[in-house]
Amino acid sequence: MAWLRHYLLALQFFTRVPVTGRLAGWVGYSPEMLRASAAHFPGIGLLVGLLAAGVAGGLLALLPPVAYAPLVAAVFATIATVLFTGALHEDGLADVADGLGARWTGSAPWRS
């Protein structure tokens, strides 16, 4: 049952799904357990992706075929993942943008 403990720890780490009460006591936490749960990280990403695809696909099936239907579906799929993960992935994207633009001086970076 160690795989289930590691899966629940990964789920709690990357989403807003709470593991509380007696279940939290059973799952536990340690840096070693978090490293061991790394095998489940792609599965959690798949779960988040399936949620987004389900929301987008469901909305595309329900919305009339107008030009903005894919945009509306994409916005609601993003909202669903933000609510499910606590905006973890969006924060990561913002950190990448910050890192790439941190040394920007206004001129081309290769000329400074």
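Taken together, the values in this text are just the output of simple stated rules run on the coordinates, not laboratory data. Since the structure is predicted, the reported quantities are computational estimates derived from the model, not experimental observations. A quick note on method: Cβ atoms are made from the backbone with ideal geometry, for glycine too, and the neighbour counts reach across all protein chains shown.
The single condition among (1) of a type in the set (Gly, Ala, Ser); (2) in contact (Cβ under 8 Å) with a residue 12 or more places away in the chain; (3) surrounded by fewer than 11 Cβ atoms within 10 Å (Cβ to Cβ) that Ala67 does not meet is (2).
For the range 27-80, filtered to residues that are closer than 30 Å to Ala2 by Cβ and polar (S, T, N, Q), the residue that is farthest from the chain's Cα centre (by Cα) is Ser30.
Restricting to the range 7-42, give me the number of residues that are free of Cβ contacts under 8 Å to residues at least 60 places away in the same chain, closer than 27 Å to Ala77 by Cα, touching a Leu at 6+ places or on another chain (Cβ under 9 Å) and not β-branched (Val, Ile, Thr). Count: 7. Restricted to the range 1-26, and to residues there that are among the small types (Gly, Ala, Ser) and surrounded by 14 or more Cβ atoms within 10 Å (Cβ to Cβ), the residue that is farthest from the chain's Cα centre (by Cα) is Ala24.
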